[in-house]
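Here the structure is laid out as structure tokens; the discussion comes afterwards.
The values are calculated or read from the model by the stated rules, or taken from the named source; none is laboratory data. Worth saying up front: this structure is predicted, and the values here are computed from it rather than measured. Quick reminder, even Gly has a Cβ in these numbers, built from the backbone with ideal geometry, and neighbours come from all protein chains shown. Keep in mind that these areas ignore ligands, DNA and RNA; they rest on the heavy atoms of the full protein, side chains included. Shrake-Rupley method; radii C 1.70, N 1.55, O 1.52, S 1.80 Å.
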There are 2 protein chains.
Amino acid sequence: MTNDSPETRMTLAKAAAREVARLTSAQKADALNAIADALVANAATIVAANGDDVERGRRNGIGDALLDRLSLDDERIVALAEATREVAALPDPVGEVIRGHRLANGINLEQVRVPFGVVGAIYEARPNVTVDIGALALRSGNTVVLRGGSAAKSSNMALVAIMRDALATQGITPEAIQTVDEFGRDGAKALMRGRGLIDVLVPRGSANLIETVVTESTVPVIETGAGNVHVVLDSTAPDDWAVDITVNSKTQRISVCNAAESVLVLRDAAERLVGPVVAALQERGVTVHGDDTVQTLAQGIVPATEDDWSTEYQSLDIAMRVVDSLDEALDHIDRYSTHHTETIVTTDVRNAERFLAEVDSAAVYVNTSTRFTDGGEYGFGAEVGISTQKLHARGPMGLPELTSTKWLGRGSGQIR
Amino acid sequence: MTNDSPETRMTLAKAAAREVARLTSAQKADALNAIADALVANAATIVAANGDDVERGRRNGIGDALLDRLSLDDERIVALAEATREVAALPDPVGEVIRGHRLANGINLEQVRVPFGVVGAIYEARPNVTVDIGALALRSGNTVVLRGGSAAKSSNMALVAIMRDALATQGITPEAIQTVDEFGRDGAKALMRGRGLIDVLVPRGSANLIETVVTESTVPVIETGAGNVHVVLDSTAPDDWAVDITVNSKTQRISVCNAAESVLVLRDAAERLVGPVVAALQERGVTVHGDDTVQTLAQGIVPATEDDWSTEYQSLDIAMRVVDSLDEALDHIDRYSTHHTETIVTTDVRNAERFLAEVDSAAVYVNTSTRFTDGGEYGFGAEVGISTQKLHARGPMGLPELTSTKWLGRGSGQIR
């Protein structure tokens with residue numbers, strides 16, 4: 001690559017967008033399969049580049065969890081290739097006719113799905129996201145400009161080079177996949193200020209990173225947010241569902257955004273439910289941060305502070321509070337939730353329907369685990385992220401959420 | 001009103017959003033009809049308040065066109081009330097089930113349409129927009145925080161007070177309609193920085209106003225943009241369609257965003273079409289700004305400069321250029337268009353389909369006037385604006401575009 005600025009890279013991506021938008025579904029699938037083959041064939045190169053990142057990370061003391069997310073080995077590269085093949089096999093959203101009708105004057109009007117054009121992505125030191133977002137963008141007919149964390153710079157540059165070469169072997173312009181990693185912070189800034197060149201920006205990572213991008217970007221952003229997720233145990237909650245749904249929502253996988261972080265127990269049911277639910281959580285190693293009532297009803301409770309209600313632990317911790325009424329539970333959620341996912345355990349249809357109607361979150365459930373808010377579980381095949389904003393996409397995003405629409409009108413001389 | 005800051009007003013709107021989201025379609029229609037009645041009943045108050053604005057405007061020399069947009073009289077107030085009744089009669093988008101299926105584990109999953117919550121609007125000195133946006137927001141279950149141009153401050157305050165009183169008579173919280181007009185620029189700034197309080201911000205007005213809002217807002221924006229709209233006359237364009245569609249697109253109404261501003265003529269057809277098209281335009285008082293070839297083929301042409309290709313005249317002016325090929329036309333559009341609406345006049349199906357596929361604009365037509373890009377023409381009943389962004393909404397926006405969605409899951413104890 002002989003480009004010399006983030007703006008040049010973005011301009012190349014924009015120029016390539018018209019060609020990529022016109023690729024057939026089969027051409028895009030072939031290209032993705034070629035990328036998958038190339039990843040496996042070049043595994044040694046990728047592992048070597050990744051080794052540089054890992055060594056630098058270790059020297060900088062970035063911690064075991066981050067080091068694990070950063071590391072690539074042959075097995076992980078095969079998994080990345082496999083995921084790319086799965087994206088290749090997904091239905092192409094481009095060209096879908098969403099609505100259409102014939103106007104009174106005879107014009108045939110239809111709204112069709114089209115690629116955004118150029119997707120920008122800002123994310124942290126996880127090289128798998130480089131391939132993941134690249135594949136999803138290409139499948140949906142978009143070009144992409146990537147900015148990964150600087151800690152994964154060598155890995156990302158190697159991965160992007162391999163993906164670009166694979167595109168070229170398929171007769172597709174390699175400019176469809178760009179990185180601005182080598183420009184450091186300037187690369188991220190250019191993406192956020194890339195109005196006219198970047199059609200949509202997807203931040204993936206910590207709440208801090210997302211907040212920065214949302215605040216600083218003049219390009220439209222799809223916010224994939226954090227999850228301060230609530231389980232409400234209604235007065236009528238059956239014992240087994242209360243225990244199973246709380247335990248599953250908290251412990252089935254603790255580091256994800258759809259894991260529960262708070263339990264609200266209706267006072268009528270507190271004496272019956274708090275003991276067994278706390279015991280089941282503690283059995284799985286969970287620390288319960290409870291209010292005064294919870295502390296009187298169970299052993300081994302850490303007193304909850306105001307901070308606990310708004311903390312997304314992503315660990316074996318959960319906050320628990322006894323509330324006087326469903327109204328108080330709804331108010332608590334309104335105040336502390338990140339509006340990702342909430343669930344209520346109840347057999348009272350009035351409370352179930354009130355909860356579904358009044359909780360303003362991307363996903364609202366009755367009598368299910370919160371862990372179902374997931375593109376795979378919803379049957380989307382792949383997941384671009386889980387949007388917690390209300391514009392364009394809300395909840396799990398599949399490939400169609402990486403597209404826009406346009407209106408086509410076919411007439412025969414109609415005028416107004 | 002005893003509120004004392006834009007933040008208080010936004011907080012009140014946010015607090016009212018839960019109540020307004022739960023109103024039934026009939027309640028919202030009744031409220032809008034009550035607003036329409038109140039506007040007519042209080043016409044004298046409105047006209048008096050408007051008189052202050054008009055007098056101030058005249059003193060400040062704001063010009064006849066702006067004065068006309070600013071002025072309200074009994075007749076215009078009756079028209080505003082009528083428009084409000086029409087919004088009341090529109091189908092309620094809230095509650096529509098967009099998709100749904102039963103997961104393999106038995107959870108019933110559906111995606112339903114819900115209000116955004118709080119809609120913010122920043123617009124210029126047109127008091128009719130105050131009522132218009134207020135009505136559209138309420139019909140779609142949203143509360144609204146309005147910031148109109150300071151030149152219309154007295155009118156807007158009077159209109160908002162009347163709308164709020166009308167809501168109260170219907171037992172609906174008046175806090176659903178807020179204005180931050182009396183806080184001047186601080187009101188607009190607060191709206192643009194109102195993350196967590198404002199769910200979506202709609203700027204309406206000049207390109208400058210929209211650019212400022214898009215650049216400075218940390219709240220998601222729906223951009224309703226300007227239209228540098230193109231008519232392409234292909235080699236095969238029939239004479240009558242070429243003349244009729246160009247003339248209609250330019251002159252049927254000159255001050256609107258879907259009016260044509262540039263004509264591109266394929267060289268093969270230039271000798272046949274430029275003369276008659278220019279003559280028909282000139283007959284209607286249009287000044288044609290043409291390139292060298294156009295100047296040799298017709299009389300009375302003003303030489304076009306580079307600026308003409310990117311100018312949205314909104315006047316009896318049009319730019320005209322002869323291009324060598326459809327590719328050159330597509331490149332010109334790609335470079336200069338605001339991606340609002342473009343049309344081609346052709347009988348060649350290959351060029352028609354290429355144009356539809358490759359032009360990246362909100363509306364792309366074959367053999368129709370550009371004037372059809374309009375919510376009313378599309379059959380939406382009302383128009384919130386015409387979006388030229390690709391996120392969330394593109395092209396004419398109806399009531400559904402003022403809503404978000406959420407996922408509802410009904411289960412019976414399902415866990416992962």
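For the stretch B:232-242, give me each residue that is open to solvent by less than 30 Å² (accessible area, probe 1.4 Å) and among the β-branched types (Val, Ile, Thr). B:Val232 - this is the single residue of the stretch B:232-242 that is open to solvent by less than 30 Å² (accessible area, probe 1.4 Å) and among the β-branched types (Val, Ile, Thr). Restricting the stretch A:258-294 to residues that are in a strand (DSSP E or B) and not hydrophobic (A, V, I, L, M, F, W, C) leaves a set whose member that is farthest from A:Val231 (Cα to Cα) is A:Thr287. So, A:Ile245, is that one among the hydrophobic types (A, V, I, L, M, F, W, C) and within 14 Å of another protein chain (Cβ to nearest Cβ) or not? So A:Ile245 passes the test. Every listed requirement among (1) without any contact (Cβ under 8 Å) to a residue 60 or more places away in the chain; (2) in the same structural domain as B:Ala137 (by TED's automatic domain parsing) is met by B:Thr403 save one, (1). Within the option set A:Thr287, A:Thr296, being of a type in the set (S, T, N, Q), within 22 Å of A:Ser325 (Cβ to Cβ) and surrounded by fewer than 17 Cβ atoms within 10 Å (Cβ to Cβ) holds for one residue only, A:Thr296. Every listed requirement among (1) among the hydrophobic types (A, V, I, L, M, F, W, C); (2) in contact with an Asp or Glu (Cβ under 8 Å, 6 or more places away or on another chain); (3) under 30 Å from A:Gly117 (Cβ atoms) is met by B:Leu273 save one, (3).
Tell me, yes or no, whether the stretch B:259-269 has at least one residue that is away from chain A (no Cβ under 13 Å), surrounded by 16 or more Cβ atoms within 10 Å (Cβ to Cβ), at pLDDT 95 or above and within 30 Å of B:Leu402 (Cβ to Cβ). Yes, the stretch B:259-269 has at least one match. Hey, among the residues in the stretch B:211-226 that are more than 10 Å from chain A (Cβ to nearest Cβ) and polar (S, T, N, Q), which one's nearest to B:Ala270 (Cα to Cα)? So, considering only residues that are more than 10 Å from chain A (Cβ to nearest Cβ) and polar (S, T, N, Q), the one nearest to B:Ala270 (Cα to Cα) is B:Thr224.
For the stretch A:207-226, the set of residues classified as part of a helix (DSSP H, G or I) and buried (at least 22 other Cβ atoms within 10 Å of the Cβ) consists of A:Val213 only. Pick out the one residue from A:Ala166, A:Ala158 that is more than 18 Å from A:Glu124 (Cβ to Cβ), part of a helix (DSSP H, G or I) and not β-branched (Val, Ile, Thr). Selected residue: A:Ala166, the only one of A:Ala166, A:Ala158 that is more than 18 Å from A:Glu124 (Cβ to Cβ), part of a helix (DSSP H, G or I) and not β-branched (Val, Ile, Thr). Among the residues of this structure, B:Asn142 does not count as one that is over 26 Å from B:Glu19 (Cα atoms) and modelled with pLDDT of 95 or more.
When the residues of the stretch A:126-145 are filtered to those that are part of a helix (DSSP H, G or I) and charged (D, E, K, R), the one that is surrounded by the most Cβ atoms within 10 Å (Cβ to Cβ) is A:Arg139.
Do you know which residues across the stretch B:183-229 are acidic (Asp, Glu) and modelled with pLDDT of 90 or more?
Initially, the stretch B:183-229 is screened for residues acidic (Asp, Glu), giving B:186, B:199, B:211, B:216, B:223.
Selection gives B:Asp186, B:Asp199, B:Glu216.
Taking into account only those residues within the stretch A:37-53 that are surrounded by fewer than 21 Cβ atoms within 10 Å (Cβ to Cβ) and β-branched (Val, Ile, Thr), which is farthest from the chain's Cα centre (by Cα)? Ranking the qualifying residues of the stretch A:37-53, first place goes to A:Thr45.
Looking only at residues in the stretch A:379-396 that are hydrophobic (A, V, I, L, M, F, W, C) and either over 27 Å from A:Glu86 (Cα atoms) or without any contact (Cβ under 8 Å) to a residue 24 or more places away in the chain (or both), the one that is most open to solvent (accessible area, probe 1.4 Å) is A:Phe380.
One line per residue, one yes/no per condition, for (1) of a type in the set (Ser, Thr, Tyr); (2) open to solvent by 40 Å² or more (accessible area, probe 1.4 Å); (3) touching a strand residue (DSSP E or B) at 6+ places or on another chain (Cβ under 7 Å); (4) modelled with pLDDT of 95 or more:
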{"position": "B:Asp73", "(1), (2), (3), (4)": "no, yes, no, yes"}
{"position": "B:Val78", "(1), (2), (3), (4)": "no, yes, no, yes"}
{"position": "B:Ala81", "(1), (2), (3), (4)": "no, no, no, yes"}
{"position": "B:Ala88", "(1), (2), (3), (4)": "no, no, no, yes"}
{"position": "B:Gly95", "(1), (2), (3), (4)": "no, yes, yes, yes"}
{"position": "B:Arg102", "(1), (2), (3), (4)": "no, yes, yes, yes"}
{"position": "B:Asn108", "(1), (2), (3), (4)": "no, yes, yes, yes"}
{"position": "B:Val112", "(1), (2), (3), (4)": "no, no, yes, yes"}
{"position": "B:Phe116", "(1), (2), (3), (4)": "no, no, yes, yes"}
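The lone criterion from (1) open to solvent by less than 10 Å² (accessible area, probe 1.4 Å); (2) within 12 Å of another protein chain (Cβ to nearest Cβ); (3) among the hydrophobic types (A, V, I, L, M, F, W, C) left unmet by A:Val229 is number (2). Restricting attention to the stretch B:158-195, the residues that are within 23 Å of the chain's Cα centre (by Cα) and more than 16 Å from B:Met10 (Cα to Cα) total 2. Being assigned to a helix (DSSP H, G or I) and over 34 Å from the mean Cα position of the chain (by Cα) is the filter here; which residues of the stretch A:295-313 pass it? Within the stretch A:295-313, A:Gln295, A:Thr296, A:Leu297 meet the criteria. Kindly establish whether B:Arg204 is of a type in the set (Lys, Arg) and in contact with a helix residue (DSSP H, G or I) (Cβ under 7 Å, 6 or more places away or on another chain). When the stated conditions are applied, B:Arg204 passes them. Within the stretch B:362-378, if we keep just the residues that are more than 7 Å from every other protein chain (Cβ to nearest Cβ) and part of a loop (DSSP other than H, G, I, E, B), the residue that is surrounded by the most Cβ atoms within 10 Å (Cβ to Cβ) turns out to be B:Thr373.
Listed here are the residues, each with its yes/no results for (1) among the charged types (D, E, K, R); (2) within 11 Å of chain A (Cβ to nearest Cβ); (3) in contact with a strand residue (DSSP E or B) (Cβ under 6 Å, 6 or more places away or on another chain); (4) not in a loop (DSSP other than H, G, I, E, B).
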residue: B:Val322; (1), (2), (3), (4): no, no, yes, yes
residue: B:Glu328; (1), (2), (3), (4): yes, no, no, yes
residue: B:Asp331; (1), (2), (3), (4): yes, yes, no, yes
residue: B:Thr343; (1), (2), (3), (4): no, yes, yes, yes
residue: B:Asn351; (1), (2), (3), (4): no, no, no, yes
residue: B:Gly381; (1), (2), (3), (4): no, no, no, no
residue: B:His392; (1), (2), (3), (4): no, yes, no, no
residue: B:Pro400; (1), (2), (3), (4): no, yes, no, yes
residue: B:Gly409; (1), (2), (3), (4): no, yes, yes, yes
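Among residues of the stretch B:27-53 that are free of Cβ contacts under 8 Å to residues at least 24 places away in the same chain and farther than 18 Å from B:Val94 by Cβ, none has a beta-carbon under 8 Å from a residue that is of a type in the set (Ser, Thr, Tyr) and open to solvent by less than 10 Å² (accessible area, probe 1.4 Å) at least six positions away or on a different chain.
Before we move on, is A:Asp324 within 30 Å of B:His101 (Cα to Cα) and out of contact with any His (no Cβ under 9 Å at 6 or more places or on another chain)?
The answer is no for A:Asp324.
Considering only the stretch A:190-206, how many residues are under 19 Å from A:Asn128 (Cα atoms) and open to solvent by less than 10 Å² (accessible area, probe 1.4 Å)? Residues in the stretch A:190-206 being under 19 Å from A:Asn128 (Cα atoms) and open to solvent by less than 10 Å² (accessible area, probe 1.4 Å): 3 in total. Of the candidates A:Ser315, A:Ser325, A:Ser412, A:Ser404, the single residue that is open to solvent by 30 Å² or more (accessible area, probe 1.4 Å) and in contact with a Phe, Trp or Tyr (Cβ under 9 Å, 6 or more places away or on another chain) is A:Ser412.
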